[in-house]
Amino acid sequence: MYVGRYLGFVLLVWFPGALHAQSANVPCRAPRLNGGYLVPEQDTYPHETNLAYACDNGRKPAVEGWWATTTCLNGTWSHEPQCIDEKACMPPTIPNGIYTVNTNGWYEERDKIWITCNEGYKHKNRDATAECVNGTWTSVPICEKSIHACGEPPQIPHAIIIDQEYQEVFPGDTEVQYECEDGYTVEGADTKKSIYCIAGNWTEGPKCSSRPGTGDGGSAGGGHTTSTGSGTQPVGGGSSSSSGLNEMETEHQITTIRNCGNQPVVPNGDVVGNNLRFLRYQCANFYKRVGPEDVVCYSDGTWSEVPTCRAAFCSVNTDGYPQLIPGGVKYIKDGETVRLQCVELDHWWTQHYSVVRCTFGTLSLSRCCGWFDLKRNIC
């Protein structure tokens with residue numbers, strides 16, 4: 001008895017490949033497919049079998065296309081065949097955007113998804129939702145580059161960007177740090193300097209100059225810069241015209257906000273971000289910002305474009321609508337939908353509501369609908 005156990009152990013040690021061969025190439029049982037059919041139909045399928053399937057009228061596979069294939073891999077199908085309602089939708093592809101993916105991998109008709117754009121991107125035409133209608137998505141949102149974002153940082157001779165992965169778009173306020181190569185410095189003995197993405201543009205980058213005694217003693221790129229009370233001016237490499245800066249570039253060179261005096265006042269808006277580089281404005285509730293979010297100071301003492309806050313709401317006086325229960329004036333944000341309770345009349349067994357929408361400042365009210373009509377979105 002012990003000899004048999006010992007011999008079995010020896011065989012396990014000597015022939016692991018044989019055991020692997022026995023555990024591999026496991027066949028698959030036929031999948032259960034409601035509302036569809038398999039080709040060919042068998043009780044079991046060998047390892048690596050490609051099984052085709054299609055769905056009955058009114059249904060479709062839970063993958064792209066009107067027919068699909070799945071593969072048997074060691075006793076498990078690469079995906080479990082499933083037939084769903086033909087009016088359902090598959091997950092859309094939203095470049096530079098994310099949304100909550102349904103756990104079952106598809107969406108029923110009238111399901112809605114809300115898309116969040118990645119940093120540095122914004123919703124085109126303020127469209128952030130998509131709805132599944134008859135098997136397709138309506139008005140799929142597009143995430144486009146924000147006007148406040150920047151492209152790749154400028155390439156600077158004798159310097160390299162550190163601690164930053166490459167990306168095509170950098171969100172506003174991004175800080176990127178350069179480090180000069182050995183033998184070069186930015187100012188004095190420093191070898192590192194940061195630039196910032198502000199209002200869609202990078203602030204002025206550093207110039208890496210060779211240290212005295214390590215090179216020609218000159219500055220890389222045609223001169224170094226020094227900071228004065230009125231902004232940054234080119235020195236040591238000639239006049240401003242010889243450095244390549246024309247009058248317009250000098251006028252719109254970004255400097256600290258201290259040089260521009262009092263902060264611009266935006267009616268119905270407030271400054272929510274305030275540092276040496278820019279002011280950030282945010283509009284009050286029920287108001288929409290028009291124009292840039294960030295305001296910077298130019299070296300000539302002027303501010304960049306200042307945003308405005310326009311009204312972005314509708315108002316409805318429920319006292320003026322006999323079908324609604326009186327409750328005074330209600331305010332609805334632009335793009336939002338609310339339900340206002342209706343006078344019940346003879347419908348005492350259930351409450352009725354009017355769907356009220358505010359679209360670009362225009363108010364619309366639906367008829368009074370019961371719960372089931374609201375649930376089916378036909379009100």
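The values are calculated or read from the model by the stated rules, or taken from the named source; none is laboratory data. Model, not experiment: these values are computed from the prediction. Cβ atoms come from the backbone with ideal geometry, glycine included; neighbour counts cover every protein chain shown. What goes into the accessible areas is simple: the full protein's heavy atoms, side chains included, and nothing from ligands, DNA or RNA. Shrake-Rupley method; radii C 1.70, N 1.55, O 1.52, S 1.80 Å.
If you take the Cα centroid of the stretch 107-161 and the Cα centroid of the stretch 263-286, the two points sit 25 Å apart.
For residue 59, nonlocal amide neighbours, meaning residues 5 or more places apart or on other chains whose placed amide H falls under 5 Å from its own, are 86. Measuring against 19 Å, Cα to Cα, the residue pairs 112/145; 288/333; 60/87; 112/330 contain 112/145; 112/330 as the ones spanning a longer distance. Look at the dipole of the stretch 102-159 built from charges on Cβ: of 137, 149, 104, the Cα furthest out on the positive end belongs to 149.
The aspartates and glutamates whose alpha-carbon is closer than 15 Å to the alpha-carbon of residue 192, local same-chain residues fewer than 8 away aside, are 163, 175, 179, 181, 182, 204.
For 289, 280, 110, give me the order by solvent-accessible area with a 1.4 Å probe, most accessible first, ignoring ligands, DNA and RNA. Walk me through the intermediate numbers first.
On the way: 289 80, 280 55, 110 110 Å².
Result, largest first: 110, 289, 280.
Using alpha carbons only, how many angstrom separate the centre of the stretch 304-365 from the centre of the stretch 59-91? The distance from the Cα centre of the stretch 304-365 to that of the stretch 59-91 comes to 43 Å.
Taking a straight line from the alpha carbon of residue 122, these aspartates and glutamates sit under 17 Å away, with near neighbours fewer than eight places off in the same chain left out: 144, 168, 173, 293, 294.
Arranged from highest to lowest average of other beta-carbon atoms within 10 Å per residue, in what order do the peptides 330-339, 169-178 appear?
Details: 330-339: 15.3, 169-178: 18.2.
Most protected by this proxy first, the peptides run 169-178, 330-339.
Under 5 Å between amide hydrogens, built in the peptide plane, is the criterion, and for residue 324 it picks out 343 among residues at least 5 positions away or on other chains. Summarising the amide proton neighbourhood of residue 211: residues at separation of 5 or more, or on other chains, whose placed amide H is nearer than 5 Å comprise 184, 185. Backbone geometry of the stretch 86-94 corresponds, through the Karplus equation with coefficients 6.51, -1.76 and 1.60 at θ = phi - 60°, to 3J(HN,Hα) couplings of 5, 8, 6, 10, 8, x, x, 9, 10 Hz, x marking Gly and Pro. What the phi angles of the stretch 263-271 give under the Karplus curve with 6.51, -1.76 and 1.60, with θ = phi - 60°, is a coupling list of 6, x, 9, 10, x, 6, x, 9, 7 Hz, glycine and proline written as x.
Evaluate the relative contact order of the stretch 50-172 (contact order divided by residue number), counting alpha-carbon pairs under 8 angstrom at least 6 apart; express in whole percent.
It rounds to 19 percent for the stretch 50-172.
If packing is taken as the mean number of other Cβ atoms within 10 Å per residue, what is the order of 291-299, 160-168, 96-104, highest first? Display every interim value, and only then the final one.
Numbers: 291-299: 19.7, 160-168: 10.6, 96-104: 12.3.
Output ranking for 291-299, 160-168, 96-104: 291-299, 96-104, 160-168.
Label positions at residue 145 and residue 374, each projected 7 Å from the Cα along the C-beta direction, are separated by 4.5 nm. Taking θ as phi - 60° and the Karplus parameters 6.51, -1.76 and 1.60, the scalar couplings of the stretch 34-39 work out to 7, x, x, 9, 9, 9 Hz in sequence order, x denoting glycine and proline.
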